[in-house]
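The next block holds one structure in the form of C-alpha cells; read it before the comments.
The values are calculated or read from the model by the stated rules, or taken from the named source; none is laboratory data. This one's a predicted model, so the numbers in the text were calculated from it and none came from an experiment. Cβ sites come from the backbone with ideal geometry, for glycine too, and all protein chains shown count toward neighbours.
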C-alpha cells in the first residue's frame, strides 16, 4: 500500500492555531475592557453629575481645596438639606498620578483627619446642613492640583455612585 501525501496539511494547522490565538486575544481584550470600565465607574462614578440628569439643585459640594503645608491638603465639603442616604464619599486627587480616599462612617482613617482631630481616628461622612473640613496626608505623594468628590448613595435599595464636584487645589489656604 502506498501512502497518499496531502499537500498543505501543515499550512492548515498554522491557520487554525492563528485563528485560535486571535479569538483568545479578542476575548482577553473584551474582558479587560469591561473590568477597567467597571473600576473607573466605581472609583469616579458616572461621568455626569448626580444632579445634572434632574432638576435638583446640588446639595453637597466642594467649597475649597488647598495645601495647609507641603504635606497636607485641606478640603472643605458643605452639605445642605437633602434626602440622600449617603453610604460614603470618595475624594480623588489628581496630579502626576491619581490618589483616592474613601470616607465611610465609623471606619478608621489612617491618612485622613477632621481639621481639629489627629490622624488615626474614625471617619465621618459630612452630615446634613453642615460643613466639614477633611485634612489629607499627602506628604509621600506627588503634587496634586485637582480634587473630585464622588458620593455613593442608596437609591431604591441599590448603591449608586456619581461624580458631584471638581475643584482645583490652591497652593495655600
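Mind checking which residues of the range 126-167 are in a strand (DSSP E or B), modelled with pLDDT of 85 or more and either at positive phi or over 17 Å from the mean Cα position of the chain (by Cα) (or both)?
130, 131, 132, 133, 134, 135, 137, listed by residue number.
Could we say that residue 59 is more than 22 Å from residue 171 (Cα to Cα) and either in contact with a strand residue (DSSP E or B) (Cβ under 6 Å, 6 or more places away or on another chain) or surrounded by 15 or more Cβ atoms within 10 Å (Cβ to Cβ) (or both) here?
yes
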